[in-house]
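Notes for the one structure printed next.
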Amino acid sequence: MENKPIKEETFTHDQASVKNNLPVAVTLRKQINIKMSENKSQFINSCIKTGNTLVFTDHYNKRLIICNTDGTDIDYISLSYKPRYITEIDSNTVAVSCSNNTILIINISTRSVTSTINTSGSCWGLSYNDNNLYVVIDRSIIHVMNLTGKVIRTIPIPTDRIYDITVDRDRLVCIHLTSIYCCSLDGKLMWKFKKDEIQDLRCVTTDDEGNVYVTDYKTHTVIVVSDDGKQHRELLTKSDGLDKPWGIYFDKKENILLVSNPYDGKAFLFDVRKKP
C-alpha cells in the first residue's frame, strides 16, 4: 500500500503564538486485516502495540489476536472470559480486563495466562504505570492494585461513570461517552474537555508530550486534545478507513498510532509527525 501523508495542519502567525503541541500530520504506514471467515463475526474492542507485535482483544470469541506489525503470523490466545480492555505490562506481558469481574495476566510470548485477578466489581478500562494497575471498577471508581490483585488505594472519579483510562507520569486521563477528564493521581480534576462534536468515546491513549487521543465510535473519528485540554483537532476520519473505531494505542517510542475498527477486522498503523 502506497504511503500518503494526510491531514497536514497549517498555522497562522496568531496561532503560532499560542502553545500548541498537537501533531502536525499523520501518515498511513500499514493497514492490517484480521477479518475472520465470512460466516463468523468478531468484535475488536481494544488493542496495543509492543515492539513489532500487535495484540487485539476479540470480545465475541473470548480470545486475543496477535500478529506482527506487517500483518503476518496471526495467532490466537483463547481466554475463559470475554475480554474488554488491554494494557501492556512489559514487552512480553499484558493485563486484560474481562467479564466475570476478572483481570487476566497473559504472557504473549508463551501464549499463556500466567495469573488471574478477581476484582470486587465489573472491571473496564485499565492502565499499568509504575508497577501498579489502575482499574476502572463498576465504571464508578478506580482501584490501584499490584499484580497480585491487592488493592493499594482507590481513586474517586470526576463524573458519575467512566469507561476507559490511561495513566502516564503524574496524571490519569479517563473518558465517558462525551467527555474527557484529566486528573491528578489522587483524583483531583485538572481539566475537562467536552465539545458538541464529541458523541461516543470508546478508548483513550496519550503520546509522550501528554496529548490525548480518543476514538469516537459514532462520528468515525479520532480526536486529539492537547495536554492542557485547550486545543483539539480531528486527526482521522472515515476517509482514512475508520468505521466505528474503538481500540487505540500510541507507541511513544516510535511515534506510531494504532487504531482498530471493531467489526470489519481492519486496523491501521499511522506515523505521527510532531511540530519541529
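Here Met190 clears all of (1) open to solvent by 10 Å² or more (accessible area, probe 1.4 Å); (2) among the hydrophobic types (A, V, I, L, M, F, W, C); (3) in a loop (DSSP other than H, G, I, E, B) except the condition numbered (3). Does at least one position in the stretch 252-259 carry a residue that is among the hydrophobic types (A, V, I, L, M, F, W, C), surrounded by 21 or more Cβ atoms within 10 Å (Cβ to Cβ) and either without any contact (Cβ under 8 Å) to a residue 60 or more places away in the chain or touching a helix residue (DSSP H, G or I) at 6+ places or on another chain (Cβ under 9 Å) (or both)? Within the stretch 252-259, one or more residues are among the hydrophobic types (A, V, I, L, M, F, W, C), surrounded by 21 or more Cβ atoms within 10 Å (Cβ to Cβ) and either without any contact (Cβ under 8 Å) to a residue 60 or more places away in the chain or touching a helix residue (DSSP H, G or I) at 6+ places or on another chain (Cβ under 9 Å) (or both). Residue pairs whose Cβ atoms lie under 9 Å apart, separated by 6 or more positions or on different chains, with the first residue in the stretch 137-152 and touching a residue at least 40 places away in the same chain (Cβ under 8 Å) and the second open to solvent by 60 Å² or more (accessible area, probe 1.4 Å) and of a type outside the set (Gly, Ala, Ser), are Ile142/Thr154; Ile142/Pro156; Leu147/Asn131; Gly149/Thr116; Gly149/Asn118.
Within the stretch 235-265, track down each residue that is outside any loop (DSSP other than H, G, I, E, B) and either of a type in the set (Phe, Trp, Tyr) or at pLDDT below 95 (or both). Tyr249, Phe250, listed by residue number. Taken over the stretch 106-116, the criterion of being closer than 13 Å to Ser80 by Cβ and crowded, with 19+ Cβ neighbours inside 10 Å is satisfied by Ile106 alone. Here Gln199 meets each of (1) exposed (fewer than 15 other Cβ atoms within 10 Å of the Cβ); (2) out of contact with any Lys or Arg (no Cβ under 7 Å at 6 or more places or on another chain) with one exception, condition (2). Here is the figure for the stretch 70-124: residues that are farther than 21 Å from Arg139 by Cα, among the polar types (S, T, N, Q) and part of a strand (DSSP E or B) total 6.
Do you know which residues across the stretch 142-185 are assigned to a strand (DSSP E or B), within 21 Å of Ile103 (Cα to Cα) and under 19 Å from the mean Cα position of the chain (by Cα)? Passing the criteria: Ile142, His143, Val144, Asp164, Ile165, Thr166, Val167, Asp168, Leu172, Val173, Cys174, Ile175.
Would you check which residues across the stretch 216-234 are under 23 Å from Asp170 (Cα atoms) and open to solvent by less than 20 Å² (accessible area, probe 1.4 Å) and list them?
Passing the criteria: Ile223, Val224, Val225, Ser226, Gly229.
Taken over the stretch 160-175, the criterion of being surrounded by 14 or more Cβ atoms within 10 Å (Cβ to Cβ), over 19 Å from Asp251 (Cα atoms) and out of contact with any Leu (no Cβ under 7 Å at 6 or more places or on another chain) is satisfied by Ile162, Tyr163.
Kindly provide the set of residues from the stretch 122-156 that are open to solvent by 30 Å² or more (accessible area, probe 1.4 Å) and hydrophobic (A, V, I, L, M, F, W, C), ordered by number. Trp124, Ile141, Leu147, Val151, Ile152 - these are the residues of the stretch 122-156 that are open to solvent by 30 Å² or more (accessible area, probe 1.4 Å) and hydrophobic (A, V, I, L, M, F, W, C).
The values are calculated or read from the model by the stated rules, or taken from the named source; none is laboratory data. Values in this document were obtained by computation on a predicted structure and should not be read as measured data. Using ideal geometry, Cβ is built from the backbone for each residue, glycine included, and neighbour counts are taken over all protein chains shown. Accessible surface is based on the protein model in full, side chains and every heavy atom, while ligands, DNA and RNA are left aside. Shrake-Rupley method; radii C 1.70, N 1.55, O 1.52, S 1.80 Å.
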